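Worksheet: one structure, shown below.
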Amino acid sequence: MQSATALPGFERLLEVCQGRAHPLKLEPPLPSGGPVEPSVAGQPMDPQLAALYARAGYLWVRDELYLFPARHERRPDLHRVNAHWRKDQVAPFGSLLVFAKDDRLAYCYATVPSLSDARGVQPVVWVDVYEALYAVPVASCVDHFFATYARYLETAPAVSADEESPPRRIFPWHASEAIARDAELVRRVQAGHFDFLMKESTRAREWVEAWAGRP
């Protein structure tokens, strides 16, 4: 059952935000939302993402993450965003399942249905939609993504009220160490599973090679 799927990475992200007093907003699913649908704009719903939507209708982490609600009357939601994504993006990017974005910019987070494992679990990529379209791997699954993001936030320097803000950190570029702790992701990078999403960006390939230890 969806609700029975453990999401320790997601719980850790909430703990880190609360412990660091990082502003966030978490809402339960809409009462009229019904069960989580098995597909999104023609792509299979990742089981961990489905488990997340069964318990969280909306998530916003200020200056960091915005999780598209599964269904919503007023906000851009998962199904509408992906219906437009399928129409607007070329292959292979049109087949990604976009579930979140940067809170400040248009960078997206998506699962990769074509790389799902035997359980249907899909890895997560960060997508640059500004220049030459490309994506870089950031987690072997949705819950690992949240765990990695929690480690990234946890290592952010604390700033007191009388200090200047530290230099701006950007995920994923400043999260290499946290991302590299995902052993399954590293294995898949070394096997070349994400090459088709990075071929248009030398920067992306070199960055991934640096933390994945790929020859």
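Run the accessible area of the stretch 87-148 with a 1.4 Å probe and give the carbon-and-sulfur part as a rounded percent.
Answer for the stretch 87-148: carbon and sulfur cover 53 percent of the accessible area.
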Item to check | In sequence order, calculated HN-Hα J values of the stretch 35-40 (Karplus, 6.51, -1.76, 1.60; Hz; x Gly/Pro) | outcome: x, 5, 6, x, 9, 10
Checklist entry - Which value, in Å² and to the nearest 10, is the accessible area of His84 when all protein chains are kept and the probe is 1.4 Å? => result 110 Å²
Checklist entry - Going by the alpha-carbon gyration tensor, a ≥ b ≥ c the square roots of its eigenvalues, is the stretch 59-189 rounded (a/c under 1.5) or, if a/c is not under 1.5, prolate (a/b greater than b/c) versus oblate? => result oblate
Checklist entry - Using the heavy atoms of the protein chains alone and a 1.4 angstrom probe, what is the accessible area of the chain per residue in square angstrom? => result 50 Å²
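The values are calculated or read from the model by the stated rules, or taken from the named source; none is laboratory data. Since the structure is predicted, the reported quantities are computational estimates derived from the model, not experimental observations. Just the protein is used for accessible areas: all its heavy atoms, side chains included, with ligands, DNA and RNA removed. Shrake-Rupley method; radii C 1.70, N 1.55, O 1.52, S 1.80 Å.
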